[in-house]
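Presented below is the structure to which this report refers.
The values are calculated or read from the model by the stated rules, or taken from the named source; none is laboratory data. Everything numeric in this text was worked out from a predicted model, so none of it was measured. With ideal geometry, Cβ positions are generated from the backbone for all residues, glycine too; neighbour counts draw on all protein chains shown. Heads up: the accessible areas ignore ligands, DNA and RNA and are worked out on the full protein's heavy atoms, side chains in. Shrake-Rupley method; radii C 1.70, N 1.55, O 1.52, S 1.80 Å.
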Amino acid sequence: MRRLLFPLLFLTAFPLPLFSAAVSAQQPEISIAAKAYMLTDYQSGQVLASQNPHERVEPASLTKLMTAYIVFTGLKQNRIQLDQVVPVSDKAWRMIGSRMFIEPNKAVTVNELIHGMIVQSGNDACIALAEVVAGSEEIFVQMMNQEAQRLGMKNTHFMNTTGLPHPDHYTSVHDLTLLAAAIIRDFPNFYPFYSLKEYTYNNITQPNRNRLLWLDPHVDGMKTGWTKSAGYCLITSAKRDKRRLISVVMGAASANARSMESQRLLNYGFQFYDTVHLYKTGEVLTSIELWKGSQDVLKAGFSSDVYFSIPKGQADNLKATMEYKQPLIAPVSAGQVVGTVKFTLNGELVESYPLVALEDVELGNFIGRAWDSFMLLFN
């Protein structure tokens, strides 16, 4: 027999499956010599350090991350092929800035152009890829801006595929972090392009300008950028054990500075934070009382994996509170939001996640529904 009384809002705290951190230390602050920067944990999406995260900055050749994203999408959708031969237009051949040195009368494939764009930062490769995907750079740029909006890059606008300076060509370190994470998440089979240290085309070998590929064995990407107005820029991704961090440094004073400041950011994140996998997709977190259904309780949990980045020594201070309204009445569909789980660290709200139904529950039979309707009259 069901309870006669229940609260409108049910609130409970529950234990978290956390490890006990062995080290307890006061979190140090970090200062990076750059116009703007951000350090983010890939799994949790949490920002570990930042300065001017939403300020508009020139992306320079970091623009080529979005160029690559559109090209990778075309490959995934089979609109283009890696071994497809691409005609080299006069515009691509004469492109200024860094180049892979394609020529109008020399065959080049999509695969070679991707290498030239990512490893050699070839502006000519960007134009050739844009033309084979969209017919022209102008239409391709429209696709870049549409994709930026879809990814939530609210402070980003592209005017070209290369990153050459333009007053209306801008982004932010926050938006670049979203883009870098999207490439790693959406195109794991193409991401290894970013770890290549050199590439040879047309008998010309050029090294990857990301020096951290040589200095740190955990670094496996991603892209450098430079113009006189933007300064020296670098997006770096590194994986140690099962943890991946993404750093974005914009407007450093030199090529060496962008590498060293990026390395400092990564070391900071790995040294002073731990990432814990709290719950898996579909894992049953709780069972909620259900009315007028074919069963009396509903299994609930999360629709995606839940990760948290926690300062070392603070694991025991992470708490979770679950809230859901009662009465919960059938029918209920899997994925339907039925409550909220709030995570706090040292009493401060860190993040909230929707609590969702993990199963479909249909209406119960007539007698069960009538009994539950009767019981609800007393509350």
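Here are the numbers:
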quantity: Segment 83-123: trypsin sites (Lys or Arg not before Pro) in DSSP loop, at most 13 other beta carbons within 10 Å; calculated: Arg94, Lys106
quantity: Along principal axes, Cα extents of the chain, largest first, whole Å; calculated: 83, 49, 35
quantity: Residue order for Lys76, Lys312 - accessible surface, 1.4 angstrom probe, largest first; calculated: Lys76, Lys312
quantity: Length-normalised contact order for segment 273-312 - Cα pairs under 8 Å, 6+ apart - percent; calculated: 56
quantity: Solvent-accessible ranking of Val276, Val337, largest area first, probe 1.4 Å; calculated: Val337, Val276
quantity: Amide H partners (placed H, <5 Å) of Ser172, local residues excluded; calculated: Val57
quantity: Mean Cα-pair separation over length for the chain, i.e. relative contact order, pairs under 8 Å, 6 or more apart, %; calculated: 20
quantity: Residue-level accessible surface for Glu55, protein heavy atoms, 1.4 Å, Å²; calculated: 70
quantity: For Arg209, net neighbour charge (Lys/Arg +1, Asp/Glu -1) across residues whose Cβ lies under 11 Å away; calculated: +3
quantity: Sparse-neighbourhood loop sites, chymotrypsin sites (Phe, Trp or Tyr not before Pro) in segment 339-379 - DSSP loop, at most 12 other Cβ within 10 angstrom; calculated: Phe378
quantity: Potential lengthening between Arg240 and Lys76 on full extension [0.36 nm per residue; Cα-Cα distance subtracted]; calculated: 56.2 nm
quantity: Local net charge near Gly282, Cβ-Cβ under 14 Å (Lys/Arg +1, Asp/Glu -1); calculated: -2
quantity: Charge context of Val350, other residues only, Cβ under 13 angstrom, K/R +1, D/E -1; calculated: -1
quantity: Sorted peptide list for 231-241, 262-272, criterion being average Cβ within 10 angstrom, highest first; calculated: 231-241, 262-272
quantity: Dipole magnitude of segment 56-204 about its Cα centre (Cβ charges: Lys, Arg +1; Asp, Glu -1), debye to nearest 20; calculated: 260
quantity: Solvent accessible area, Å² - Asp316, 1.4 Å probe, full protein context; calculated: 100
quantity: Heavy-atom accessible area ranking, 1.4 Å probe, most first, across Ile367, Ile246, Ile96, Ile139; calculated: Ile367, Ile96, Ile139, Ile246
quantity: J(HN,Hα) series, segment 282-294, from Karplus relation 6.51 cos²θ - 1.76 cosθ + 1.60, nearest Hz, glycine and proline x; calculated: x, 5, 6, 8, 7, 10, 9, 4, 10, 10, 6, x, 6
quantity: Label-point separation, Glu283 to Ser136 (7 Å along Cα→Cβ), nm; calculated: 5.3
quantity: Heavy atoms of Thr200 accessible to a 1.4 Å probe, total area in Å² rounded to 10; calculated: 70
quantity: Rounded, prolate or oblate (a/c below 1.5 giving rounded, otherwise prolate when a/b exceeds b/c) for segment 122-161 by Cα gyration tensor; calculated: prolate
quantity: Distance-filtered residues of segment 335-379 - backbone nitrogen under 20 Å, label point 7 angstrom along Ser303 Cα→Cβ; calculated: 335-343, 351-362
quantity: Pairwise centroid distance, computed over Cα atoms, of segment 333-353 with segment 83-139, Å; calculated: 47
quantity: Nearest-20 debye value, the chain charge dipole, Cβ charges on Lys, Arg, Asp, Glu; calculated: 380
quantity: Asp274 long-range amide H proximity, modeled H, under 5 Å; calculated: Ile310, Lys312
